[in-house]
Amino acid sequence: MIQLTQIKKSFGRNEVLKGIDLTVKKGEVVAILGPSGSGKTTLLRCLNYLEKPNDGQITIDDFTVNCKRPDKKDIHTLRQKSAMVFQQYNLFKHKTAVENVMEGLVIVKKLPKDEARKKSAELLEKVGLGNKLDAYPSELSGGQQQRVGIARALALNPEVILFDEPTSALDPELVGEVLSVIRKIAKEGITMIIVTHEMGFAQDVANHVVFMDGGVIVEEGKPNEIFNYPKEERTKQFLKRIT
Ligand code: ADP
């Protein structure tokens, strides 16, 4: 249901993505691993046009954007098919938890406010924050803020949720609560692409693992294949360094 074909992205002379081909099936959880600077975040951001790819093609469902000659309308449609969970949560600081989740429902989905509030409250309940609806981000821990971020992504009912290192800004003791929420929603069959350094989590929650280095996909496969029987030397070295 998601197909990336020859996605290329440069910043100035720095070619960060050198022609990425990737297919993600509906309901699949894909973990993207790789050393810092390998292009993982850029790839995720290209998928919903937070970064503009220089070349290639992105298909989500039956909708395709030709990145060389994208139409503004196409970009808008593509963006509505995915939701991003950011490293730094990116919540509105002057809005409460429930208002943060509602925002997309009111602005993008044009839902009446009371309906949006009700749905947002249910989603916050789902991520374990039913008692924090009216709290401001400054009153929440990092783990709680990230769970608001996840509820906000879920609210948009996207085809795919993109997680950009969702636990890397958290104190170690808060990582578990966020991973367990992601695990829970993975079980519901929502398609997800997760850039992560949490190897145990990737091994456990992903159906498909992609290893990137130097702007290319070096190797991909089932978690067991990549973690226990990596074929490529670069994958072996990476796994040796971090486990
Ligand atoms: P990763 O997520 O694997 O750590 P990134 O996608 O964040 O890698 O970065 C890949 C490369 O792209 C790095 O060399 C980084 O400096 C560069 N890069 C990322 N974003 C920008 C940007 N907005 N402007 C210029 N260079 C960037």
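The values are calculated or read from the model by the stated rules, or taken from the named source; none is laboratory data. On a predicted model such as this, the values are computed, not experimentally measured, just so you know. Don't worry about glycine lacking a Cβ; one is built from the backbone with ideal geometry, like all the others, and counts go over all protein chains shown. These accessible areas exclude ligands, DNA and RNA; they are computed on the full protein's heavy atoms, side chains included. Shrake-Rupley method; radii C 1.70, N 1.55, O 1.52, S 1.80 Å.
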- Query: On the given criteria, is GLN237 in a helix (DSSP H, G or I), open to solvent by less than 60 Å² (accessible area, probe 1.4 Å) and polar (S, T, N, Q)?
  - Reply: no
- Message: I want to confirm something. Restricting to segment 1-19 and keeping residues that are within 15 Å of the ligand (Cβ to nearest atom) and of a type in the set (Val, Ile, Thr), which single residue is farthest from LYS187 (Cα to Cα)?
- Response: VAL16
- Scan segment 52-61 for residues that are closer than 14 Å to SER82 by Cα and of a type outside the set (Val, Ile, Thr) and report the count. 1
- Query: Quick check: is even one residue across segment 50-69 within 15 Å of the chain's Cα centre (by Cα) and within 16 Å of the ligand (Cβ to nearest atom)?
  - Reply: yes
- Quick check: anything in segment 78-89 in contact with a Lys or Arg (Cβ under 6 Å, 6 or more places away or on another chain) and open to solvent by less than 10 Å² (accessible area, probe 1.4 Å)? no
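If only one of LYS231, LYS222 is open to solvent by 80 Å² or more (accessible area, probe 1.4 Å), out of contact with any Phe, Trp or Tyr (no Cβ under 9 Å at 6 or more places or on another chain) and closer than 21 Å to VAL160 by Cβ, which one is it? It would help to see each step written out before you state the result.
Numbers: LYS231 fails: closer than 21 Å to VAL160 by Cβ.
Answer to the selection: LYS222.
Check GLU99, GLU139, GLU103, GLU125 and return the single one that is surrounded by fewer than 13 Cβ atoms within 10 Å (Cβ to Cβ) and not small (Gly, Ala, Ser).
Working: GLU99 fails: surrounded by fewer than 13 Cβ atoms within 10 Å (Cβ to Cβ); GLU103 fails: surrounded by fewer than 13 Cβ atoms within 10 Å (Cβ to Cβ); GLU125 fails: surrounded by fewer than 13 Cβ atoms within 10 Å (Cβ to Cβ).
Going through GLU99, GLU139, GLU103, GLU125 in turn, just one is surrounded by fewer than 13 Cβ atoms within 10 Å (Cβ to Cβ) and not small (Gly, Ala, Ser): GLU139.
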- Task: Evaluate segment 34-42: report whether one residue or more is within 15 Å of the ligand (Cβ to nearest atom), more than 21 Å from PRO230 (Cβ to Cβ), among the polar types (S, T, N, Q) and free of Cβ contacts under 8 Å to residues at least 40 places away in the same chain.
- Result: yes
- Item | In segment 20-68, the residues that are more than 23 Å from GLU188 (Cβ to Cβ), surrounded by fewer than 16 Cβ atoms within 10 Å (Cβ to Cβ) and of a type in the set (Lys, Arg) | LYS52, LYS68
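Restricting attention to segment 1-17, report how many residues are farther than 14 Å from VAL216 by Cα and either open to solvent by less than 40 Å² (accessible area, probe 1.4 Å) or in a strand (DSSP E or B) (or both). Let's see the steps before the verdict.
Taking segment 1-17 as the starting set, the residues that turn out to be farther than 14 Å from VAL216 by Cα are 1-3, 11-13.
Retained after the next criterion (residues that are either open to solvent by less than 40 Å² (accessible area, probe 1.4 Å) or in a strand (DSSP E or B) (or both)): 2-3, 11.
Result for segment 1-17: 3.
Out of everything in segment 143-173 that is in a loop (DSSP other than H, G, I, E, B) and among the acidic types (Asp, Glu), what residue ends up being most open to solvent (accessible area, probe 1.4 Å)? Show your work before the answer.
Taking segment 143-173 as the starting set, the residues that turn out to be in a loop (DSSP other than H, G, I, E, B) are 156-159, 165-171.
Retained after the next criterion (residues that are among the acidic types (Asp, Glu)): 159, 165, 171.
Details: GLU159: 54, GLU165: 27, ASP171: 86 Å².
Among residues in segment 143-173 that are in a loop (DSSP other than H, G, I, E, B) and among the acidic types (Asp, Glu), the one most open to solvent (accessible area, probe 1.4 Å) is ASP171.
Which of the strands (runs of 3 or more DSSP E) found entirely inside segment 186-227 contain at least 3 residues meeting this: over 14 Å from the mean Cα position of the chain (by Cα)?
Numbers: elements: 191-195, 208-213, 216-221.
In segment 186-227, 208-213, 216-221 are the strands (runs of 3 or more DSSP E) which contain 3 or more residues that are over 14 Å from the mean Cα position of the chain (by Cα).
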